[in-house]
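Step one of this worksheet: look at the structure below.
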Amino acid sequence: MQVFVVFLVAVVTAVAAASSFSKDPVLEDPWQEWKGLHGKQYSEETESYRRMVWEDNWRFIEQHNQEHAAGKHSYKLGMNHFGDLTDQEFNKMNGFRPDPALRKLPVFNFDRQPCAFNID
């Protein structure tokens, strides 16, 4: 029962956020092109929410790529067919379940000692 209540609250929150979401008109053409490229079709109820998620991901990618241009990252990002998913949805869809025990493991720090060339 508690899980259902939490789920219901999450859905209501998402719908409320999507209904108050104002679309960025500059991203209208890229949004339509992306949907066409990946064959995405949404009901009226979900279009606004998926657009909001996509725009958030778009902005994250743009910010990262600007940082890449400034030398902060060694790689660039691009939009793909998962662009309308939140991180949680993507992880759930792909079966990712972080192991809480692994978070407590000590980190190995390599001290860059030279290795022996020959072993007797």
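Would you call residue 48 farther than 30 Å from residue 76 by Cα, of a type in the set (Ser, Thr, Tyr) and either surrounded by 10 or more Cβ atoms within 10 Å (Cβ to Cβ) or modelled with pLDDT of 95 or more (or both)?
On the way: farther than 30 Å from residue 76 by Cα: no; of a type in the set (Ser, Thr, Tyr): yes; either surrounded by 10 or more Cβ atoms within 10 Å (Cβ to Cβ) or modelled with pLDDT of 95 or more (or both): yes.
So residue 48 fails the test.
Search region 49-63 for residues being without any contact (Cβ under 8 Å) to a residue 24 or more places away in the chain and of a type outside the set (D, E, K, R), and hand back the single one that is farthest from residue 38 (Cα to Cα).
Among them, the one singled out is 63.
Taking the options 40, 92, 104, name whichever one is at pLDDT below 95, surrounded by 10 or more Cβ atoms within 10 Å (Cβ to Cβ) and of a type in the set (Lys, Arg).
Working: 40 fails: at pLDDT below 95; 104 fails: surrounded by 10 or more Cβ atoms within 10 Å (Cβ to Cβ).
Answer to the check: 92.
Within region 68-86, count every residue that is surrounded by 12 or more Cβ atoms within 10 Å (Cβ to Cβ) and in a helix (DSSP H, G or I).
1
Give the number of residues within region 19-65 that are outside any helix (DSSP H, G or I) and among the polar types (S, T, N, Q).
First, the residues of region 19-65 that are outside any helix (DSSP H, G or I): 21-24, 39-43.
Retained after the next criterion (residues that are among the polar types (S, T, N, Q)): 22, 41, 43.
Count: 3.
Any residue in region 64-89 that's closer than 27 Å to residue 40 by Cβ: show its pairings with residues that are at pLDDT 95 or above and aromatic (Phe, Trp, Tyr) at Cβ separation under 7 Å, as long as the two are six or more apart or on different chains.
Note: pairs meeting the criteria are 68/75; 79/34; 79/58; 83/34; 83/54; 84/54.
How many residues are part of a helix (DSSP H, G or I), over 19 Å from the mean Cα position of the chain (by Cα) and of a type outside the set (A, V, I, L, M) if we restrict to region 87-107?
Going through region 87-107, the residues part of a helix (DSSP H, G or I) turn out to be 87-93, 100-104.
Of the ones still in play, those that are also over 19 Å from the mean Cα position of the chain (by Cα) are 100-104.
If we keep only those that are of a type outside the set (A, V, I, L, M) too, we end up with 100, 103-104.
Going through region 87-107 one residue at a time, the tally reaches 3.
The values are calculated or read from the model by the stated rules, or taken from the named source; none is laboratory data. Note that the structure is predicted; figures quoted are calculated from it, not measured. Every residue, glycine among them, receives a Cβ derived from its backbone with ideal geometry; neighbour counts consider all protein chains shown.
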